[in-house]
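The values are calculated or read from the model by the stated rules, or taken from the named source; none is laboratory data. Just so you know, these numbers come straight off a predicted model, no measurement behind them. Ideal geometry is used to build each Cβ from the backbone, glycine not excepted, and the neighbour counts take in all protein chains shown. To get the accessible areas, we keep the full protein, side chains included, count just its heavy atoms, and leave off ligands, DNA and RNA. Shrake-Rupley method; radii C 1.70, N 1.55, O 1.52, S 1.80 Å.
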Amino acid sequence: MKPSNGQAEDWSGFDVSAFQRQVIAEFRANNGKMTGMFEGWALAVLTTIGAKTGRPREAILGHLEIDGNGVVVASAGDADHNPAWYHNIRKNPIVTAETGEDTYKAIAAIPQGAAHDKLFEQVVAEAPGYGDYQAKTPRQIPVIVLHRIEAAPGEERVKGMGDWIVEVHDWLRGELRTLREQVDKVEEGAAATITRPEPDIGQQMRIHCLSFCAALRRHPVREDVAVFPPIAEQFPALAPAVAQLAEQHKVVAELQDSIQALVGGFMPGESDPAELRAELERLSGELESHFDFEEQAVVTALNATAPAPQYG
C-alpha cells in the first residue's frame, strides 16, 4: 500500500517498508481506527510466512467482506508485478488477519478463471479504485479470499468437508480393526473355528470385507472427481499434495481389491492364519498411511471452503 492523493507523483526513493510499519503501528494502537489519509478505510494486517525466509511477514491492506469472507487484493497499486505477500501465500496459504475488531487464522484461496472474474467485479463494485489499478497494468490482479479456519467468536463451527472425510476414514479404520480382530481369533485357535456356529469366522470376514471394500472404492473416486481439483486450483501450495493423492487413490483401489481377494480366499482349517494376518497387516498399514497423508494435506482447506455433504 502506497499513499496517494490521486495525482501523478514521483515515488522514487520512497521507503515502503518504513511507511507500512508506521501504518501498522497506528492501526494496532487504535484497534483499526485510522486517522489522516486512511481515515474511514477498511484495512487489515495480513501476516504471511515468507516464501524464501520462512519468517512472519506483515502487510497492511485494504480489506473487504464479500459473501461472509474477508477479501484482500494483490494490487500493489498498478505495478506490473504481484506483491511479495501474494507469493508468500502461494507457498503457504495459512495466514493471520487482523481487522482491528477481530484477529483470526485463515487459509487464503486464490480463485481462478470465472470465479476470479466474478469476485473481482464484486470487489470493484465496493471499491472502484481497484478497477482503475487493473486498467493500468497488463497483469491480472489476483483477489484472495480469507477462509476463516475456526468459527468467529460466538458462532458455532459448521461441520466441513474435511471433517466428513475424517469420519469416513475413521469408519474405514474401524472396519480394518474388525478384520484384524477376527483374524487374530483365527490365529489364536484354528481348530476352534470348526465348531463355531454359522456363519463361521471366514464367512464373517467376507461379509465385512465386502461392505468395507465397497465404501473404500467409492470414497477416493468421489474425492478425485468432485473435491480435490478445485482445492489444487485455489491453493497452489497444496497442488503437489493433491496430485500425489490422485496417484495414491489408484493404489487404494488396488489395495481394496487385494484385501477382498485375501479375505475371500481364506479357508478355515486350510489356509495359514499367520500368513493371512501378516498380509492383512501390510495392506492395512498402506491404507492407513494414505488416510494420514490425506488428512494432513487437505482437511484444513476442505473444512474452510466446503460444508460436509448432507444426506437424508
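Structure notes:
- Divided by 2.2 N^0.38 Å, where N counts the residues, the Cα radius of gyration of the range 20-63 comes to 1.24.
- Value of Rg to Rh for the range 86-170, rounded to two decimals, is 1.05; Kirkwood radius and Rg both from alpha-carbon coordinates.
- Solvent-accessible area per residue in the range 36-136 equals 51 Å², computed with a 1.4 angstrom probe and all protein chains kept.
- Relative contact order of the range 24-132, defined on C-alpha pairs under 8 angstrom at six or more residues apart (%): 24 percent
- Long-range HN-HN contacts of GLY32 with modeled amide H, under 5 Å: none
- Cross-link reach list, aspartates and glutamates versus LYS136, counting only Cα pairs under 16 Å and skipping chain neighbours closer than eight places: GLU9, ASP78, ASP80
- The range 28-164 shape via C-alpha gyration tensor axes, a/c threshold 1.5: rounded
- Among 143-150, 263-270, 58-65, 165-172, the peptide with the highest mean count of other Cβ atoms within 10 Å heads the list, and the full ranking is 143-150, 58-65, 165-172, 263-270.
- Surface share of carbon and sulfur [accessible, 1.4 angstrom probe, percent] for the range 53-101: 42 percent
- For LYS52, a cut-off of 20 angstrom between C-alpha atoms picks up these lysines, skipping any fewer than 8 places away in its own chain: LYS91.
- Convex hull of Cα atoms in the range 246-312, direction-averaged projection (nm²): 6.6 nm²
- Straight-distance candidates among the lysines for linking to LYS33, with alpha-carbon spacing under 27 Å and chain neighbours fewer than 8 residues away dropped: LYS2, LYS105.
- Rg over Rh for the range 127-171 works out to 1.29, both radii taken from alpha-carbon positions and Rh defined as the Kirkwood radius.
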